[in-house]
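Presented below is the structure to which this report refers.
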Amino acid sequence: MSRGRPVQPIDLSQDVKTQLQSIARSRSLPHGLVRRAQIILMAAEGFSNTTIAQRIDLSGAVVGMWRKRFIQQGLIGLYDEPKPGGPRSISDEHIAQLIRKTLNKKPKNVTHWTCRSIAKETKLSKSTVNRVWNAFGIQPHRQKHFKLSADPFFVEKVRDIVGLYLNPPDKAMVLCVDEKSQIQALDRTQPMLPLGLGYVEGVTHDYKRHGTTTLFAALDIASGQVLTQCKFRHRHQEFLNFLYHIEANVPKDLEIHLVIDNYTTHKHAKVRRWLAERPRYHVHYTPTYASWLNQVEIWFNIITQKAIRRGTFRSVKDLIEKIKGFVDQYNKHSQPFMWTATADSILAKIDRLCKGIAGTVH
């Protein structure tokens, strides 16, 4: 650590440390708040103000200020203080009424409030409603999709798979396996308009369909590299063929742990027999409605965003060639996904979600 004037050490409780880590990893909270949480976490590890300032590109004085604020006020000290200005013209009770109405009541004949509709109801200005909603993180126009698993062995499967991610077994390869089916080879009906200064890339709203392919993929969680094959169908025959492909490409001295979902193809009698005949294979099924536990889904999202969704393909062959080109390039620079969630943290989040659902049942 860098030399300098001694600073007061920071000792964090486990609860405060967990909250700071959550803030530091957030992609939705204000950047300033995220950076302050990172400052305190590094300070708690014993780094000096100078070292912290160099790592996050701030001045030592600013780092020292937030360190001091946290020591004096705790977590609340990391949030921005109210800026000076004229007195508020809206009372706390009026703001509370607005929040209660937003959260607890539905507008007539529509699904959700807008700034204008609730401003009319509460006799407030649209800008005032917008400021209050932003301050309290209220977003009536948005939804998050979820599906709770009804798997009777949900807890056991979560602990099993997360254990593989956080503590991979020795002399073994953990592969997250799945298929992305019905990838369409879409070709636009007219040439694209290129990206230019002042305007975005232009494509026709309609397209020609040239057929589909199914992409089978196995993600090695240790290296981040992906083993793939494209098939015209996704029956158990194709899945078996992909297993042979895995068998041919994984060193014979390694055990193989497969993380796969409950799709019927993966549990076909012939697939089970094939796996039973090869003792080095160990299958870990994800819970139902829990595809988010399979890391290959992250990679499927990457290839969709970067190579498929905005692509133009003149044939299925062209689509397959471009998928192969992307995979080859990806594997040259691959890095593993950093899985940090523990089984306990996942189960605690599910528990909070269940309690939230229970609170909305009338």
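Just so you know, all these numbers are worked out from the coordinates, no wet-lab data involved. This one's a predicted model, so the numbers in the text were calculated from it and none came from an experiment. Every residue, glycine as well, gets a Cβ built from its backbone with ideal geometry; the counts of neighbours run over all protein chains shown.
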Point to revise | Gain on full stretching of the segment that runs from MET65 to HIS205 - 0.36 nm per residue minus C-alpha separation | key: 45.1 nm
Check your understanding: Among all stretches of the chain without exposed GluC sites (Glu not before Pro) (DSSP loop, at most 16 other Cβ atoms within 10 Å), which one is longest?
Key -> 46-200
Check your understanding: With Rg and the Kirkwood Rh both taken from Cα atoms, where does Rg over Rh land for segment 92-136?
Key -> 0.92
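From the square roots a ≥ b ≥ c of the eigenvalues of the alpha-carbon gyration tensor of segment 228-361, which class results: rounded (a/c under 1.5), prolate (a/b over b/c), or oblate?
Oblate, since a/c reaches 1.5 and b/c is not below a/b.
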**Study point:** Hypothetical label at SER181: residues of segment 202-230 whose amide nitrogen lies under 15 Å (7 Å Cα-Cβ projection)
**Key:** 212-217
Practice item. Give the shape of the chain as rounded, prolate or oblate, defined through the alpha-carbon gyration tensor: a ≥ b ≥ c are the square roots of its eigenvalues, a/c under 1.5 means rounded, and otherwise the shape is prolate if a/b is larger than b/c and oblate if not. Key: prolate
Point to revise | Residues SER13, SER149, sorted so that the one with the fewest Cβ neighbours within 10 Å comes first | key: SER13, SER149
Exercise for review: If a/c stays under 1.5 just call it rounded; otherwise compare a/b with b/c (prolate if a/b is bigger, oblate if not). Do that for segment 85-232, with a ≥ b ≥ c from the square roots of the Cα gyration tensor eigenvalues.
Suggested key: oblate
Exercise for review: Excluding residues fewer than 8 places away in the same chain, name every one of the lysines whose C-alpha is closer than 18 Å to that of LYS105.
Suggested key: LYS120, LYS123
Study note, to complete from the structure: Listing THR342, THR264 by rising number of other beta-carbon atoms within 10 angstrom, fewest first, gives THR264, THR342
Check your understanding: So for MET65, MET42, fewest C-beta neighbours within 10 Å to most, what's the order?
Key -> MET65, MET42
Review point. With each run of n ≥ 4 DSSP H residues scored as -39500 (n - 2.57), what mean residue ellipticity at 222 nm is computed for the chain after dividing by its residue count and rounding to the nearest 500 deg cm²/dmol?
Key: -13500 deg cm²/dmol
Review point. If r is the Cβ-Cβ distance from ARG100 to SER291 and R0 is 30 Å, what FRET efficiency results, to the nearest 0.05?
Key: 0.25
Practice item. Binning at 10 Å from 0, report for segment 161-266 what percent of all alpha-carbon pair distances ends up in each bin. Key: 12, 33, 23, 17, 13, 2
Exercise for review: Pairs of lysines 8 or more apart, or on different chains, with alpha carbons under 19 Å: count those in segment 154-343, would you?
Suggested key: 21
Exercise for review: Please express the Cα-Cα pair-distance distribution P(r) of segment 14-78 as a list of whole percents, one per 10 Å bin, running from 0 to the bin with the greatest distance.
Suggested key: 23, 60, 17
Revision key, fill the gap. Checking rank on 163-170, 207-214, with mean other Cβ inside 10 Å and highest first, the result is 207-214, 163-170
